């Protein structure tokens, strides 16, 4: 399994590098970039930039730097963002709505990232049928059917804690391979599925730790 | 500075433990909990639970386990959540709105966490004056004045990338000590301020990495 080879911490930094490189390509002012500059702009030390990228190949030349457009394209490929990735959001409360609008906004304006919000689900009859961007919220009863038909393998779960494990299980059965859980509860998935947890309340609660001198 | 002593990874797990313990106190069915059970319910190995908690004192007894209510109260104290923490959100786009509603919902229903959303800001005249929960969105021109007057030291930044560094700088000057940045850009703060970055697009982009077998 791919995710046993390279640590999650390394993978987490790749989109940061990609963003800096992509901006440099757009600005069109730079063909080469040193690990020093890439690191500064990404908020990572130059040594760590070199170490992270070395996991995936030899991209830079000592004293010359990285070819900006080439490295950007390689990172897109490594992150599987060189081909269209369809994404579903389950749970269209305040957070699900914001995630949907945020992602639609970010990924439809930006041709380099091929992430596309492809389906939205909720269990509430009052929400089903509601339009969000170019999509209509569908009944969660149709989750498996739609994931399979649209070959959606990436799912964002923004349902209440009590429903999260059931939704994750159903996504897994329908072929999901990468799941980002926003529900404030610990859920599990089989080993072949990558399950990440982003809990906004955990972020806020840990932040208070740093208030004390 | 407090955050040099104990690693961020340890601090990140404390709210997870707190949540499990708090639930056990509410359920009222348990006076003691083993590191095994605490770990299972938090999604962390028992050895790591013991190691994490040992940073802060001797909370458990070998073969007996942790006193649930006592450890919960200690974690609240360690995380500074035993006293009211006022929080401001700057930037009331889709994400800021969702963060505000989510936090208001979570922290006003729940008496154990003393996090309170105390102020909302935006630069858009159309948004200023709008009611969100029990608060009214204020002009970002009043940011420093309000942070200082209300002694708000924790700020969530959900503004566009182009405005993020300026907002962080202004929060720092007004006394903020812990800042959570949601803008998709690398920003910096002086050493005495704890600055964390939660970028939803980075989460999504790295997730795609795991789609390939």
- [ ] Could you please point out the chain B residue with its Cβ nearest to the axis of the rotation taking chain B onto chain A, and the distance in whole angstrom?
- [x] B:98, 2
Task: Simple label model, 7 Å out from Cα along Cβ direction - residue A:30 to residue B:8, nm - done: 2.2
TODO: Would you work out the relative contact order for chain A, in percent, from Cα pairs under 8 angstrom that are 6 or more residues apart?
DONE: 14
Task: GNM flexibility winner over chain A from A:196, A:158, A:88 (Cα, springs under 10 Å) - done: A:196
Open item on the list: Restricting to bridges with both residues inside chain A, how much of the DSSP beta-bridge set is antiparallel, in percent to the nearest 5?
Closed with: 20
TODO: Treat the count of other C-beta atoms within 10 Å as a stand-in for reagent exposure and order A:89, B:128 from fewest to most.
DONE: B:128, A:89
Task: Inter-copy label distances at residue B:82 (7 Å, Cα→Cβ; nm, one decimal) - done: 5.5
Task: Rounded FRET efficiency, nearest 0.05, which uses the C-beta distance separating residue B:61 from residue A:23 and R0 of 56 Å - done: 0.55
TODO: Taking chain B as the reference, fit the longest principal axis to its C-alpha atoms, fit the long axis of helix B:161-173 to the helix C-alpha atoms, and give the angle between the two in degrees, 0 to 90, nearest 10.
DONE: 70
TODO: List the distances, in nm and shortest first, from the label point of residue B:150 to the matching label points in every other copy, placing each point 7 Å from Cα along the Cα-to-Cβ direction.
DONE: 3.8
- [ ] Treating the angle as unsigned and between 0 and 90°, give the value, to the nearest 10°, between the Cα long axis of helix B:68-78 and the longest Cα principal axis of chain B.
- [x] 40
Open item on the list: Once you order the gyration tensor axes a ≥ b ≥ c over the Cα atoms, which shape class does the protein assembly as shown get: rounded for a/c under 1.5, otherwise prolate or oblate by comparing a/b with b/c?
Closed with: rounded
- [ ] With a point put 7 Å past each Cα toward its Cβ, work out how far residue B:54 is from residue A:51 in nm, to one decimal.
- [x] 2.5
Task: Within the protein assembly as shown, percent of DSSP bridges classed antiparallel, to nearest 5 - done: 25
Task: Helix B:8-27 vs. chain B, principal-axis angle (Cα, 0 to 90°, nearest 10) - done: 70
- [ ] Run through the other copies and list how far each one's label point is from that of residue B:5, in nm with one decimal, shortest first; the point sits 7 Å from Cα along Cα-Cβ.
- [x] 4.3
Task: Selected from A:80, A:181, A:134 as most flexible by GNM, with chain A as the system and alpha-carbon contacts under 10 Å - done: A:134
Open item on the list: Over chain B, with a Gaussian network built from C-alpha contacts below 10 Å, which listed residue (B:43, B:63, B:91) shows the highest mean-square fluctuation?
Closed with: B:63
Task: chain A: calculated mean residue ellipticity at 222 nm from DSSP helix runs of at least 4, using -39500 (n - 2.57) - done: -13000 deg cm²/dmol
Task: Calculated diffusion of segment B:2-78, Stokes-Einstein form, Kirkwood radius summed over Cα pairs, 4 °C and 1.567 mPa s, µm²/s - done: 105
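Bear in mind these aren't lab numbers, they're just calculated from the coordinates by the rules spelled out. Source: prediction; values computed, not measured. When we count neighbours, we look across all protein chains shown, and the Cβ atoms used for this are built from the backbone with ideal geometry, even at glycine.
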